[in-house]
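Read through the structure below, which is laid out as structure tokens, and then see the notes.
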Amino acid sequence: MTQALQSQLKIAATYMRGGTSKGVFFALDDLPVEAQQPGPARDALLLRVIGSPDPYGKQTDGMGGATSSTSKTVIVSKSQQPDHDVDYLFGQVAIDRAFVDWSGNCGNLTAAVGAFAIAQGLISSGKLPRNGIAEVRIWQANIAKTIIAKVPMRDGLVQELGDFELDGVTFPAAEVQVEFVSPSAADARLFPSGNLVDRIHSDDFGEINATFINAGIPTIFVNAAELGFSGCELQGEINSNRDTLAKLERLRAQGALQMGLISSLEEAKTRQHTPKLAWVAAPQDYQASSGKAVNAHDVDLLVRAMSMGQLHHAMMGTAAVAIAAAAAVPGTLVHQAANSASNKADNSIVFGHPSGTLKVGAKAHESTSGWHIDKAIMSRSARVLMEGWVRVPKCW
């Protein structure tokens, strides 16, 4: 039967905002049987749901929002791991290519996983307070790590509304604290080369300093000044310049090669989600994308990060974990940029990003085997935007 004569599939789904991202959430058991396992059928389904690949770059015929922050999918199920409530799998959907990247987590959408799991009945009712904070233990299946989401409850339901403000999100909501437990990659050292600062060769920028770190998400940190940047850049300055974007992508690919994440530069094209590339600078006054003034004395450093080939409008949650982790270790480029914050009692820092500021914290310790991150903490918010069904043609 041709696709034109087929009826669309009707699949239960929830469209949620988590942090500064949005995505389509599925309970694993609600997916078609063929898509309940990893493979081509699952990828094809998620691509069609989001509206990719779209040569127009708009994702008009799908649920995606044509940005890296809104081209995302999540699959949640009861956990197969001891002492965990749910398993959370994240798929970053490419916009203009038929590709779903499963190589990393989305820290922003993590904030919505606990609320989704509670609403779907995936958490034992005996564990949920009628009023108070529900601690949802999440197994992040992409990176094999534990995350604890502290979800506020009121009258037996998830409390979504509140007065917590998150730069990059227009309206206030209830605060969800997210704790990333031992966020370093399980199969890799925190600093893959063993060095806090390496040298990275770029045909575009020459020999520059870099901190490679595996925490939250593999990330390459460089100094803004060595790229010819100030650290105050907004999206328009970077994303409107194809030459700059191409140079930054070549730098990211070279860093990925040195981190051992790819075996050839060509391979970086199939690994857009990881690693992230970010640049840091000392505090300065600047105007955020909303027009809000960010004052140098209110931040410990400035950070800008690339996501899926574009400058992110705020900060990816997983990259914020990497920032917190790197700032907690003396000698990294992030710690050097934030040296005025090194003696804070709560191990926290506040960094400036294109949409404003964000407070994060991490606890680190050094042993004979090197540096380790015990945990990283940040606050986000989450909200259900729509729930019901998505309709898609069978595409596998």
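The values are calculated or read from the model by the stated rules, or taken from the named source; none is laboratory data. Given the structure is predicted, the values throughout are model-derived calculations rather than measurements. FYI the Cβ positions are ideal-geometry reconstructions off the backbone, even for glycines, and counts take in every protein chain you see. Each accessible area value is taken on the protein alone, full model and side chains, heavy atoms only, with ligands, DNA and RNA left out. Shrake-Rupley method; radii C 1.70, N 1.55, O 1.52, S 1.80 Å.
Figures for the structure shown
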{"quantity": "Subset of the stretch 361-380 [crowded, with 24+ Cβ neighbours inside 10 Å and within 15 Å of residue 19 (Cβ to Cβ)]", "calculated": "376, 378, 380"}
{"quantity": "Every pair of residues 6+ apart whose Cβ atoms lie under 7 Å, when the first sits in the stretch 369-396 and is farther than 30 Å from residue 325 by Cβ while the second is part of a loop (DSSP other than H, G, I, E, B)", "calculated": "384/160; 390/63; 391/8; 392/8; 393/6; 393/8; 394/6"}
{"quantity": "In the stretch 56-73, residue surrounded by the fewest Cβ atoms within 10 Å (Cβ to Cβ) [restricted to those that are of a type outside the set (Ser, Thr, Tyr) and farther than 17 Å from residue 395 by Cβ]", "calculated": "57"}
{"quantity": "Hits in the stretch 146-176 - residues which are part of a strand (DSSP E or B) and open to solvent by 30 Å² or more (accessible area, probe 1.4 Å)", "calculated": "150, 154, 157, 158, 164"}
{"quantity": "Failed item, numbered, when residue 53 is tested on (1) over 25 Å from residue 10 (Cα atoms); (2) open to solvent by 10 Å² or more (accessible area, probe 1.4 Å)", "calculated": "(1)"}
{"quantity": "Checklist (1) aliphatic (A, V, I, L, M); (2) open to solvent by 70 Å² or more (accessible area, probe 1.4 Å); (3) in contact with a Phe, Trp or Tyr (Cβ under 8 Å, 6 or more places away or on another chain) applied to residue 45, failing item", "calculated": "(2)"}
